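The values are calculated or read from the model by the stated rules, or taken from the named source; none is laboratory data. Every value quoted in this text rests on a predicted model; they were computed, and no experiment measured them. Here the Cβ is made from the backbone with ideal geometry for all residues, glycine too, and neighbour counts use every protein chain on show. When the accessible area is computed, the model is the full protein with side chains, heavy atoms only, and any ligands, DNA or RNA have been set aside. Shrake-Rupley method; radii C 1.70, N 1.55, O 1.52, S 1.80 Å.
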Amino acid sequence: MTSVDTNACYMAIVQLTKEAGKLVRERIWNKKTVQTKSCEVDLVTETDQQVERLLIEGLSSSFPDHKFIGEESTAEGLKCELTDAPTWIIDPVDGTMNFVHGYPNVCISVALWVNKVAEIGIIYNPVLEQFFSAQKGKGAFLNGNQIHASSETELSKSLMIMEFGTSRDPNKMKVVMENMQMLVPLVHGTRSSGSAALNMAMVAMGAADAYFEYGIHAWDIAAGDLIVREAGGVVMDPAGGPLDLMSRRMLCAGTDQLAEKLTATVKQLYLERD
Ligand code: IPD
Ligand code: CA
């Protein structure tokens with residue numbers, strides 16, 4: 001079994017995400033160069049690429065044997081592979097569509113997984129100064145204050161997060177719309193704020209009761225997974241059973257009971273794995 005000094009890793013990543021956060025904060029309302037990736041709504045800016053470089057270079061210099069899975073490195077052709085080696089899973093700007101439009105729900109999401117287990121999760125919105133963090137077994141925090149997921153068990157009293165995501169695949173859109181149409185009358189309210197990582201952070205702090213999405217990638221949820229669980233919530237496959245980080249499917253909730261009600265209700269969709 002590989003072992004790492006998680007405290008040293010935590011201190012390094014806190015400092016690096018704060019530094020990278022300055023770039024996001026300074027540029028969110030500036031003109032950007034925007035390119036498209038898998039489709040016309042899957043966007044990337046120079047800031048996404050620069051933040052990912054800054055984090056990977058900084059972490060590599062302190063931890064030369066660590067591996068990386070990064071959204072923009074994967075877009076440039078690097079393999080997205082999770083082994084037992086210490087692996088940093090990075091979404092440099094989650095909510096790139098928001099960043100492009102100046103909608104301040106954006107974050108940097110970074111997780112450290114070792115032996116395929118999440119050890120550290122950071123979700124940092126530098127525009128609104130929300131720093132969510134967790135280390136395995138030590139609880140989840142927002143700006144240093146401990147947070148807890150909600151205790152809601154009923155669908156009818158839940159605030160539910162659902163997203164269209166960054167794909168316009170007709171088959172996927174159909175399932176997403178059917179689920180929205182089915183769930184909207186069943187729940188208290190629904191929200192879609194354009195950042196998977198911050199959606200999970202909202203579940204972790206009890207601001208939303210549940211969230212599920214098809215089409216997300218490992219980097220969207222790798223930090224949120226630990227933060228939600230350390231806040232007392234549950235993260236699983238939308239059909240029930242354990243989360244598979246590479247499956248492009250995720251459901252999280254404040255309670256098992258609510259998660260089970262959702263898994264029994266939602267229409268399923270299986271996509272090509274990461
Ligand atoms: C996207 C956002 C969005 C979610 C998509 C993600 P990006 O990430 O998290 O909320 O619905 O599935 O791909 O492209 O902004 O990093
Ligand atoms: Ca993302």
**Q.** Whichever residue in segment 153-173 is more than 21 Å from Ala197 (Cα to Cα) and surrounded by 15 or more Cβ atoms within 10 Å (Cβ to Cβ) and, among such residues, is nearest to ligand 1 (Cβ to nearest atom)
**A.** Asp169
**Q.** Residues of segment 54-78 classified as more than 18 Å from Ala111 (Cβ to Cβ) and of a type outside the set (Asp, Glu), total
**A.** 4
Q) Which residues, counting only those in segment 217-231, are under 18 Å from Leu262 (Cα atoms) and either away from ligand 1 (no atom under 16 Å from the Cβ) or among the hydrophobic types (A, V, I, L, M, F, W, C) (or both)? A) Val228, Arg229
(Q) Restricting to segment 81-103, and then to whatever is touching a helix residue (DSSP H, G or I) at 6+ places or on another chain (Cβ under 9 Å) and surrounded by fewer than 17 Cβ atoms within 10 Å (Cβ to Cβ), can you tell me which residue is farthest from Val4 (Cα to Cα)? (A) Tyr103
Q: Among the numbered conditions (1) farther than 28 Å from Arg168 by Cβ; (2) loosely packed, with under 15 Cβ neighbours inside 10 Å; (3) within 15 Å of ligand 2 (Cβ to nearest atom), tell me where Val41 comes up short.
A: (1)
Q) Going by the structure shown, is Val100 touching a residue at least 12 places away in the same chain (Cβ under 8 Å), closer than 18 Å to Ile221 by Cα and within 16 Å of ligand 2 (Cβ to nearest atom)? A) no
Q | Filter result (over 20 Å from His148 (Cβ atoms) and more than 16 Å from ligand 1 (Cβ to nearest atom)) within segment 93-127 | A | Leu112, Trp113, Val114, Asn115, Lys116, Val117, Glu119
(Q) Given the criteria in contact with a helix residue (DSSP H, G or I) (Cβ under 7 Å, 6 or more places away or on another chain) and either closer than 30 Å to Asp65 by Cα or open to solvent by less than 10 Å² (accessible area, probe 1.4 Å) (or both), does Ile147 qualify? (A) no
